[in-house]
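Notes for the one structure printed next.
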Amino acid sequence: LSEFRDALEGEITSISKFLSLVLRHQPETIGIELDQNGWTDVETLLKKANSYGIKLDNETLKHIVETNSKKRFAFNDTFDRIRASQGHSIEIELGYTSQKPPEILFHGTGEKSVQSILDTGLQKQNRQQVHLSADLETAIKVGQRHGKPFVFKVLAEQMFNDKFEFFISDNGVWLTDNVPTKYLKQNDEK
Ligand code: HQG
C-alpha cells in the first residue's frame, strides 16, 4: 500500500505548492484576486483551479489546510475565504499585531549568501518580510533549501528594544522588515 500512499502524498504536496503559488505570488495565473489582506473566495478558487485542470475539491482543500506540515494556509471563521499565513511576494497587509519577540530568533540561509548578508544585513528580497524562526531546527531546514545551510542568530529582543517591529504569523513564523548586521551573530558565536 505504501506506493499508493506515496502517490497520494505527492499529489497533496503538488497541490500545496500550487496553493503557495496562487495565494502568495501569482494569483493571476488562474485569474483569481486576493483582497488587501490576502484573502480569496474559496468557491472561486476551486472553480478557477478546476478550469485550469487542477483537480481540487473543498474536502481536499480542507484536508490540506488542516494537515499541511507548516500550516501555510488558513480559512476565515466562516470557511468561505482562504489565505496564506505568510510568505507573500505580492504586497498585502497580513494584519498581525506587533509583538515582543524572544531574546534570540534564528535565520537559515545558504552559505553562498553569508558574505552579502554580513555586508548589508538580512533583506526581505522578493518577499514582504524577512522570515525568522524561534527554533534552530526550522532554521536549518529553511537554510537547506538554499544549498549548504548556514544559521544566523538574530538578537531579536535587542532589536525590539531599539524600536524594530516583530510579528508572528498564524503559523508561528516570526516576521520583521530587515535585520541590520549589528544584530546578527553566527550561530556558534557567543
Ligand atoms: C537571503 C519558506 C543575500 C535569505 C521558509 C534567503 C520560510 C540575502 C533568501 C519562508 C540577504 C531569500 C522564507 C542579503 C537575505 N544578501 N541574500 N542581504 N538577505 N538573503 O525564500 O527565509 O516552505 O525569500 O537568507 O520556511 O529562505 O515556503 O526566504 O536565503 O519561512 O512555506 O535571501 O519560506 O516557507 O529566500 O524563506 P526566501 P527564506 P515555505
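Just so you know, all these numbers are worked out from the coordinates, no wet-lab data involved. The model shown is predicted, which means the values in this text are computed figures rather than measured ones. Using ideal geometry, Cβ is built from the backbone for each residue, glycine included, and neighbour counts are taken over all protein chains shown.
Details
- Measuring between their Cα centroids, region 33-79 and region 131-180 lie 27 Å from each other.
- Distant-in-sequence amide contacts of Phe73, defined by a placed amide H-H separation under 5 Å and a gap of 5 or more residues or a different chain, comprise Ser85.
- The fewest-to-most ranking of Ser113, Ser69 by surrounding Cβ atoms within 10 Å reads Ser69, Ser113.
- Unit charges on C-beta of K, R, D, E only; dipole of the chain, Debye: 500 debye
- Residue by residue, region 89-105 carries 3J(HN,Hα) couplings of 9, 7, 6, 9, 9, 6, x, 6, 8, 4, 9, 6, x, x, 4, 10, 10 Hz when phi is fed to the Karplus relation 6.51 cos²θ - 1.76 cosθ + 1.60 (θ = phi - 60°); x denotes Gly or Pro.
- The chain shape via C-alpha gyration tensor axes, a/c threshold 1.5: prolate
- Proximity of backbone amide H atoms, modeled 1.01 Å from N, is registered between His88 and Gln128 at under 5 Å, excluding neighbours fewer than 5 places apart on the same chain.
- Across region 127-135, rounded Karplus estimates of 3J(HN,Hα) from the backbone phi angles (6.51 cos²θ - 1.76 cosθ + 1.60, θ = phi - 60°) give 8, 8, 8, 7, 9, 10, 10, 7, 10 Hz, Gly and Pro being marked x.
- Set of lysines near Lys100 by C-alpha distance (under 21 Å), chain-local residues within fewer than 8 positions excluded: Lys124, Lys153, Lys163, Lys182, Lys185
- Net charge contributed by nearby residues that have their C-beta within less than 14 Å of Pro101 (K/R +1, D/E -1): -3
- 17 Å Cα-Cα reach of Lys47 towards lysines, excluding residues that sit fewer than 8 places from it in its own chain: Lys55, Lys62
- Selection of chymotrypsin sites (Phe, Trp or Tyr not before Pro), region 46-86, meeting DSSP coil and at most 16 other Cβ within 10 Å: Tyr52, Phe79
- Within region 31-70: backbone nitrogen closer than 12 Å to the Lys141 label point (7 Å, Cα to C-beta): 68-70
- For the chain, excluding the exposed loop sites themselves (GluC sites (Glu not before Pro), DSSP loop, at most 16 other Cβ atoms within 10 Å), the longest remaining stretch covers 104-164.
- In region 1-56, the trypsin sites (Lys or Arg not before Pro) that fall in loop regions by DSSP, at most 14 other Cβ within 10 Å: Lys55
- Other residues with beta-carbon under 11 Å from the beta-carbon of Gln128 carry, at +1 per Lys or Arg and -1 per Asp or Glu, a net charge of 0.
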